[in-house]
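The values are calculated or read from the model by the stated rules, or taken from the named source; none is laboratory data. A quick note: this is a predicted structure, and the numbers were derived from the prediction, not measured. Note that we place each Cβ from the backbone using ideal geometry, even for glycine, and neighbour counts take in every protein chain shown. Only protein heavy atoms, including side chains, enter the accessible area calculation; ligands, DNA and RNA are left aside. Shrake-Rupley method; radii C 1.70, N 1.55, O 1.52, S 1.80 Å.
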Amino acid sequence: EGPPLLIFDYQPGRSGVHARNFLGEWQGHLMVDDYAGYKQLFAGEHGITELGCWAHARRKFFDLFAANQSPMAQEALERIKGLYDIERRGRELDITQRAQLRQAEARPQLAALYQWLTTARREVGHGTGTAKAMDYTLKRWPALERYAQSGILPIDNNSTENCIRPVVIGKKNWMCVSRRRNYEADMKSAA
């Protein structure tokens, strides 16, 4: 109850043990990227259900299309756009109405996308960019389609990534400042 909360727990590394320690006994749905360190969170005894981020899956196809205008990447992008179109229409609906919209429209589009991906994947050579984008999506399919089972789960984690962006950009800039200070200190000691 109450407004949504956003909490960032910064740790010295990305080990899944940090996430497990932070979450403690919490149970629910958790959206993550495909980082292997998070996989232990989804073992049955923890009561945490994985959600996949469609923005991460889409990015693989977007990068592929930007690099070589791949018709398969373009087809995937169009199909994923259809899912986001449904989400835009459902944004102002209540949870029950959004769940009904997803059931009626998103679930059939997800089924069609999965069928297209599995069929198209057989036509693509292993190790190619297209194969990697398709394999990423197919490997994460259960987590990616899970949002459409309810009206409350998000399709992606863009809102969270937008909140953390200033910190991430700042971290990169601060590293540059730190390197500059180290360089200046080295120059003074060399003189």
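Couple of notes before you dig in:
- Candidate set: segment 18-43, residues that are assigned to a helix (DSSP H, G or I), among the hydrophobic types (A, V, I, L, M, F, W, C) and open to solvent by 70 Å² or more (accessible area, probe 1.4 Å); chosen: the one farthest from H56 (Cα to Cα): F22
- Residue list for segment 131-171, filter: modelled with pLDDT of 70 or more and of a type in the set (A, V, I, L, M, F, W, C): A131, A133, M134, L138, W141, A143, L144, A148, I152, L153, I155
- Residue within segment 63-85 that is β-branched (V, I, T) and out of contact with any Lys or Arg (no Cβ under 6 Å at 6 or more places or on another chain) present: no
- Restricting segment 7-35 to residues that are at pLDDT 85 or above and of a type in the set (D, E, K, R), the residue that is nearest to M134 (Cα to Cα): R20
- Restricting attention to segment 7-17, the residues that are surrounded by 13 or more Cβ atoms within 10 Å (Cβ to Cβ) and assigned to a loop (DSSP other than H, G, I, E, B) add up to 1.
- If you go through segment 8-34 and keep only what is among the acidic types (D, E) and over 26 Å from Q149 (Cβ atoms), you end up with just D9.
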